[in-house]
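Reviewing the structure listed below.
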Amino acid sequence: MRSKGIYLALFLFLAFFLILSPSSSAGKKLIHIVKKGDTLWSICQQYYGNPYLWPELWEMNKFVTNPHWLRPGDVIRLLEYEEKPTPEKKYEEKALEPAKRVVTLKKEPLRIQMGIDVSSLTNTKALGFLQREMIEPWGSIYDFKAEKMLIGENDTVYVKMYKEGIKPGDIFTIYSVSDPVNHPLTGKKFGYIHSFNGILEIEKVEKDYHVAKISESFRTIYKHDLLIPYYPVPSCILPVPCQDMRTAHIVAAKDNLDLLGQYSVVYIDAGHNAGVRKGNLLEVIEEKESISDKQKKEKVALPPTILGKILILHTTVDTSIGVVFWASKDFANGATIRPLVWDEQPRQLATLPECQIEQGE
């Protein structure tokens, strides 16, 4: 009996010790709740001490459409990390120095996949996008150095930045915003087209303004054009089947085109939330019906006519951007699109050059 009592006491002691002991995974925080002002850059700095890990964090959180704008309350899934304890120091040293955390990321192995280079179809730097609300600019052009009517590549401009910490070498996209765009089918306000006009690089920081040089020009650049951080859309795209999306519609097109065809860049009213992903292949269709009985005026739905095929280049939460890589005839905004069912890559894409894509397993 006495031995049983000893074993029982020992068992209770160990259980109590384990409950009070911190878990080996307690130091890990695998999610972050977004607060106002957070960016993927700042989150990586906070948790890993290395802001340049933000592209890997973005790849894990595919619902994020722009790494510079996060909505408060969003849940960001963090990269796994292991905490390495710092070497033990004397009590006096610990009292004088702040605690430091050294982390080692558990990175997933990368594999090489072959995609297609779409640079012959469109300039992916100049796509622009359609969004339900206007985004918040980081700055604007307020004057030109040269007395010229048209400003283009290698011209110097003066810009006013609305955010702090801008330094020489920072690159921004120059853009303008359209009037509200109505959905061609419902007639209701749908969003705003953000058109990309060019790219500039900050060269000098003055007291009340910044000096910048235009490195690329896609369209006419005007005073008061707006600025957002430059983030390129890769021209190397991996075509992937579209599994979740049903039907959607073309709301508008780049350069405000009304008649669309091959090489047109189109803005679609379905995005990441509707199952659209970069690399999806869609087809533009025209519904057909025929009268089977003239006396009864009965109509029969026929297989739709295929007007064009679209490759998705980028998505936002509610919209997506695609390029028409093949068209049988022109079509208009409001056209219906649906997933393209394919076992082999369409021959129109198979003729484009291959390129390498790196992505996680």
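Coordinate-derived values only; no laboratory data. This one's a predicted model, so the numbers in the text were calculated from it and none came from an experiment. Here Cβ is always computed from backbone atoms with ideal geometry, including for glycine, and neighbour counts include all displayed protein chains.
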## Note on the structure
Most exposed to least, judged by fewest other Cβ atoms within 10 Å, 132, 219 sort to 132, 219
### Summary
Sorted on mean Cβ neighbours within 10 Å (highest first), peptides 190-202, 337-349 come out as 190-202, 337-349
### Task
Would you mind computing the Rg to Rh ratio of the range 236-360 from its alpha-carbon coordinates, Kirkwood style for Rh?
1.04
### Message
Apply the Karplus curve 6.51 cos²θ - 1.76 cosθ + 1.60, θ = phi - 60°, to the phi angles in the range 304-315 and return the couplings in whole Hz, x for Gly and Pro.
### Response
x, 7, 8, 8, x, 10, 10, 10, 7, 9, 6, 10
### Query
In the structure displayed, which of 145/188; 278/299; 160/188; 62/329; 36/62; 163/213 lie more than 30 Å apart, Cα to Cα?
145/188; 278/299; 160/188; 62/329
### Message
Cut-off is 10 Å between beta-carbons; in what order do 31, 312 appear when sorted fewest neighbours first?
### Response
31, 312
## Note on the structure
Per 10 angstrom bin, beginning at 0 and ending with the bin that holds the maximum distance, the Cα pairs of the range 128-229 fall in percents of 16, 46, 26, 10, 3
### Query
Between residue 357 and residues 5 or more places away or on another chain, which pairs have amide H atoms under 5 Å apart, with H built 1.01 Å from N, and which residues are they?
113, 114, 115
### Query
Once fully extended, how much extra length lies between residue 140 and residue 344, figured as 0.36 nm per residue of separation less the alpha-carbon to alpha-carbon distance?
68.8 nm
### Per-residue HN-Hα couplings for the range 152-167 [Karplus 6.51, -1.76, 1.60; θ = phi - 60°; Hz; x = Gly/Pro]
x, 4, 6, 7, 9, 10, 10, 10, 10, 9, 9, 10, 8, x, 6, 9
### Task
Could you line up 355, 44 from fewest to most neighbouring Cβ atoms inside 10 Å?
355, 44
### Query
Expressed as a whole number of Å, what is the distance separating the alpha-carbon centroids of the range 206-252 and the range 294-335?
25 Å
### Message
If I stretch the segment between residue 160 and residue 31 completely, what's the gain in nm (0.36 nm per residue apart, minus their alpha carbon distance), one decimal?
### Response
42.9 nm
#### Entry: Net lengthening on full extension, residue 42/residue 74 (0.36 nm per residue, minus Cα-Cα)
10.0 nm
### Query
Based on the mean of other beta carbon atoms within 10 Å per residue, what is the order of 232-242, 69-79, most packed first?
232-242, 69-79
### Query
Taking the mean number of other Cβ atoms within 10 Å as a proxy for protection, how do you rank 299-307, 149-157 from highest to lowest?
149-157, 299-307
